[in-house]
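Here the structure is laid out as structure tokens; the discussion comes afterwards.
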Amino acid sequence: MLAQDKLGWGNLCECITLARRRAAKGNYSALVTDLEGKNIQAAAPRRQARLPGPRAA
């Protein structure tokens, strides 16, 4: 996700911190309920198309 403004960034960081604290080291455990009542104001980035690599001669 990409935060759209300061409020979105703060809320996104708060959700990430909560998800990290809930799980074992190196993992995340995010719940849909973590987002309830929050104005996340963020947009998921679009996937970029993969271009084919150079062709072998």
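Quick note: the coordinates plus some simple rules give every number you see, no bench work behind them. These numbers were taken from a predicted model, which means no experiment stands behind them. Backbone-built Cβ (ideal geometry, glycine too); neighbour counts: all protein chains shown.
Sorting 8-14, 22-28 by their mean Cβ neighbour count within 10 Å, with the most densely packed peptide first, gives 8-14, 22-28.
Taking Cβ atoms as reference points and 11 Å as the exclusive limit, the residues near LEU18 contribute a net charge of +2, counting Lys and Arg as +1 and Asp and Glu as -1.
For region 15-25, backbone phi angles converted through the Karplus equation (6.51, -1.76, 1.60; θ = phi - 60°) give residue-by-residue couplings of 5, 5, 4, 4, 5, 6, 5, 6, 10, 5, 3 Hz, Gly and Pro being listed as x.
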